[in-house]
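Structure record follows, encoded as structure tokens.
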């Protein structure tokens with residue numbers, strides 16, 4: 001993430017330098033006349049201004065897109081944490097339910113053994129009575 005931020009900053013700096021060059025080059029390319037700007041450089045100045053505006057729009061849209069992507073990544077990370085917490089909670093509940101089931105099975109087994117012993121006692125008594 002940090003490398004991406006450094007790269008984007010470098011791109012914005014280069015874009016700014018290009019925009020500055022687009023403004024300065026037309027002004028220095030033609031000699032200045034008595035009116036301050038030569039007649040031949042007016043279209044170039046307008047072109048440079050249009051270029052700077054276009055670069056500003058591109059840089060602004062790039063910034064907004066990056067900001068929106070960062071917000072989406074935060075939201076996705078937050079959702080992942082919530083899902084992971086829910087999974088842990090469900091896993092804990094399943095383990096607890098399994099432990100309770102094991103305890104109940106142990107109790108049922110003990111009762112079955114007790115009933116089996118009583119049945120054997122009853123059969124012995126019935127044989128004695130016959």
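Please treat every number below as a calculation from the coordinates, not as lab data. Remember, predicted model here, so these are calculated numbers, not experimental data. Glycine gets a Cβ as well: all are built from the backbone with ideal geometry, and neighbour counts include every protein chain shown.
Taking the stated definitions as given, is residue 52 without any contact (Cβ under 8 Å) to a residue 60 or more places away in the chain, in contact with a helix residue (DSSP H, G or I) (Cβ under 7 Å, 6 or more places away or on another chain), surrounded by 10 or more Cβ atoms within 10 Å (Cβ to Cβ) and in a helix (DSSP H, G or I)? It is true that residue 52 is without any contact (Cβ under 8 Å) to a residue 60 or more places away in the chain, in contact with a helix residue (DSSP H, G or I) (Cβ under 7 Å, 6 or more places away or on another chain), surrounded by 10 or more Cβ atoms within 10 Å (Cβ to Cβ) and in a helix (DSSP H, G or I). Here 62, 88 are screened, and the one residue that is part of a helix (DSSP H, G or I) and either more than 30 Å from residue 20 (Cα to Cα) or without any contact (Cβ under 8 Å) to a residue 24 or more places away in the chain (or both) is 88. In region 122-130 there is at least one residue that is outside any helix (DSSP H, G or I), surrounded by fewer than 10 Cβ atoms within 10 Å (Cβ to Cβ) and out of contact with any helix residue (DSSP H, G or I) (no Cβ under 7 Å at 6 or more places or on another chain).
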